[in-house]
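A.B. asks: Structure below; questions to follow.
The values are calculated or read from the model by the stated rules, or taken from the named source; none is laboratory data. Note that the structure is predicted; figures quoted are calculated from it, not measured. We place every Cβ from the backbone using ideal geometry, glycine too, and count neighbours over all the protein chains shown. Please note that ligands, DNA and RNA were not included when accessible areas were found on the heavy atoms of the full protein model with its side chains. Shrake-Rupley method; radii C 1.70, N 1.55, O 1.52, S 1.80 Å.
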Amino acid sequence: MSCGSASVTKDQGVGVQTASQSTQPPHLSSEQAASRAQFYAELGVPPSASGLLHIDLAAIRRNYRAFVDACPGAECAAVVKADAYGLGLEEVVPALRRDNCQTFFVANLDEAERVRNLALGARICVLSGLLPASADKFTRLNAEPVLNSLEEVWEWSHHCQGLGRRLAALIQLETGMNRLGLLPEDVPALTQDPATLSSFKLSAVMTHLGCANDPTHPLNATQLSRFETLRRFLPEAPASIANSAGIMLGDSYHLDLVRPGIALYGGRAVDDIENPMSPVLRAQARILQVKHVAAGEPIGYGSAQTLQTDRRVATLSAGYADGYFRALGGSDETPGAVTMLEGHPAPILGRVSMDLITIDVSEVPGELVQRGAFVDLIGGGVPPDRLAARAGTMDYELFTSLGRRYHRIYVHD
Ligand SMILES: *Cc1c(COP(=O)(O)O)cnc(C)c1O
C-alpha cells in the first residue's frame, strides 16, 4: 500500500496523480480502511483480487421454486449448459439439488460428466444429441441424448440392441426453428419402424421455441400446434416445449416438463415486461488509479473520446477479457455505459481495453473514490439486461462471457 495511491485529498477533492504525490493521505480514515479491508477479508476476498463476482445461489433457488410453483402439473428441470450460463456449474447444481431438482439439461457430454460428478442420482439430458461413436460415453455416464435426427435415432437404437438394454433418450422435433430436431416427414417414417422405436426408452419428446421472448409472435402457437400433431405419431412420453420465456407464455406451454435456463440466473427472458426474477449476479472491478484530466485531452485507445471539460477519471481493473464488452465504451459520438460507485453513476470514458476501463468519477463524492474501491459493472444498480442491450446483445451473452478472472463469492442464504 506504499506507492501509487489515489491522490484524492479532503480539501481539493482531487489531485493530479503522479508517483511523487503518492504520499498524500488517503481519504478514508485508517479505521474505515481497516473495517472495509476486514469486511472483504471475512468474505474470503484476497487483497489482490482485481474483480469480484457475487453470485446469489439463494436467489437462483428462489427463481427455481417460483417456476416449480408456476408449473404445478409439470416437472421443472434446470438448464445448466455453458457452466450454468457462466455462473458456475459446480455451485449451481448442488444448490438446485437442495430444492429437489431431478433433471439437468446440458449442451454436451463434458458438461454431462461434470453434472454426474455432482449429482449421482440426477437425470442428465444432453441437448446437442448423439455425436457419432459417443453412445458408449452416454451409457457410462448414465446420460440421455436428445436425439435430433433419424440417424441419431438409428444409432442409439443400434447401441441399445447391441447391449440388450432399453436405454433412455429424448427425441426433439423440428417445429419451426430449423435448428435441431427430427423433420416433420421423419416422424411418420419412424412410426413405420416399431422395432427401432421399441429398442430404447423414449423418456421425453421435446421441441424448442424460436420466438418465445415475444409473446405476441405467431410462431409460438404454430410451434405448439405442430408439436402436438407430430408427437401423436410417437409412443406416449412426457412432452416438453418451454424454456424460461415459454413458461411465461402460460399454462398451455407447460406440458409435462419445463426447461428454464436464463431466468433461473435472474436474466431477462421476455421482452418489454418487467423482469420478474430475483437478480443473481453482481460484477465489480476495483479502482487502480484516480487522476485529474484536463478538457481537450483524449482518453484511451484510439483517442476515441476527448474530454469537453476537466474531469476526474478513475481507471478500473477489468475490461473486455472479463466480459465487459468493448461495445460499452464511449466516444465523441456516443456516451459510454454507466458503472456505479456505491450508488453513484460513473460513465465509461473512451474505449474498453482488455484489462482496463476508464470512468468519469467527477460526480461521485470524493471520499468514495479511493484506490482499491469496488465499482459495480454489472448488477448492483446496473441492470444486466439494459447493459447488454446497450452493447447490442442480451443477458445470455453477457453472463456466459464473464471470464475467469473475477474472485467469485457464492452467497448461500
Ligand atoms: C438453452 C435451452 C433452453 C433454456 O433456454 P432459456 O431461454 O435460457 O430458458 C431450453 N431448451 C433448449 C433446447 C435450449 O437449448
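A.B. asks: Among the residues of the range 240-264 satisfying the criterion of being small (Gly, Ala, Ser) and surrounded by fewer than 24 Cβ atoms within 10 Å (Cβ to Cβ), which is farthest from the ligand (Cβ to nearest atom)? Spell out how you get there, then give the answer.
C.D. replies: First pass over the range 240-264, keeping only residues small (Gly, Ala, Ser): 240, 242, 244-246, 250, 252, 261, 263.
Then drop every residue that is not surrounded by fewer than 24 Cβ atoms within 10 Å (Cβ to Cβ), which leaves 245, 250, 252, 261.
Numbers: ALA245: 6, GLY250: 15, SER252: 17, GLY261: 3 Å.
Here the residue is SER252.
A.B. asks: Let me ask something else about it. Can you tell me how many residues in the range 50-83 are away from the ligand (no atom under 16 Å from the Cβ), open to solvent by 10 Å² or more (accessible area, probe 1.4 Å), hydrophobic (A, V, I, L, M, F, W, C) and within 22 Å of VAL106 (Cβ to Cβ)?
C.D. replies: Qualifying residue count, the range 50-83: 0.
A.B. asks: Same structure again: Take ARG123 and decide whether it is open to solvent by 30 Å² or more (accessible area, probe 1.4 Å), basic (Lys, Arg) and in contact with a Ser or Thr (Cβ under 6 Å, 6 or more places away or on another chain). Break it down stepwise before answering.
C.D. replies: On the way: open to solvent by 30 Å² or more (accessible area, probe 1.4 Å): yes; basic (Lys, Arg): yes; in contact with a Ser or Thr (Cβ under 6 Å, 6 or more places away or on another chain): yes.
Criteria met by ARG123.
A.B. asks: Considering every residue within the range 181-196, establish whether at least one is closer than 12 Å to LEU234 by Cα and among the charged types (D, E, K, R).
C.D. replies: The answer is yes, given that some residue of the range 181-196 is closer than 12 Å to LEU234 by Cα and among the charged types (D, E, K, R).
A.B. asks: Could you check how many residues of the range 137-157 are away from the ligand (no atom under 16 Å from the Cβ) and in contact (Cβ under 8 Å) with a residue 12 or more places away in the chain?
C.D. replies: To start, the set of residues in the range 137-157 that are away from the ligand (no atom under 16 Å from the Cβ) comprises 137-142, 150-151, 153-157.
Keeping just the survivors that are in contact (Cβ under 8 Å) with a residue 12 or more places away in the chain gives 137-139, 141-142, 150, 153-157.
Number satisfying all stated conditions: 11.
A.B. asks: Now a separate question. Here is a list: PRO194, PRO94, PRO184. Which entry is under 21 Å from the mean Cα position of the chain (by Cα) and either open to solvent by 30 Å² or more (accessible area, probe 1.4 Å) or within 13 Å of the ligand (Cβ to nearest atom) (or both)?
C.D. replies: PRO94
A.B. asks: Shifting gears a bit: Just for the range 324-336: of the residues that are touching a residue at least 24 places away in the same chain (Cβ under 8 Å) and in contact with a Pro (Cβ under 7 Å, 6 or more places away or on another chain), which one is nearest to LEU387 (Cα to Cα)? Quick ask: steps written out before the conclusion?
C.D. replies: If we filter the range 324-336 for residues that are touching a residue at least 24 places away in the same chain (Cβ under 8 Å), which is where we start, we get 324-332, 336.
Keeping just the survivors that are in contact with a Pro (Cβ under 7 Å, 6 or more places away or on another chain) gives 330, 336.
Values: GLY330: 13, GLY336: 11 Å.
Step by step, filter the range 324-336, then rank; the result is GLY336.
A.B. asks: Here's something else I'd like to know. In the range 197-225, which residue that is in a helix (DSSP H, G or I) and more than 16 Å from the ligand (Cβ to nearest atom) is farthest from GLU75 (Cα to Cα)? Reasoning before the result, please.
C.D. replies: In the first step, residues of the range 197-225 are kept if they are in a helix (DSSP H, G or I); the result is 197, 218-225.
Within this subset, residues satisfying the condition of being more than 16 Å from the ligand (Cβ to nearest atom) are 197, 218, 221-222, 225.
On the way: LEU197: 24, PRO218: 26, ALA221: 22, THR222: 24, SER225: 21 Å.
This residue is PRO218.
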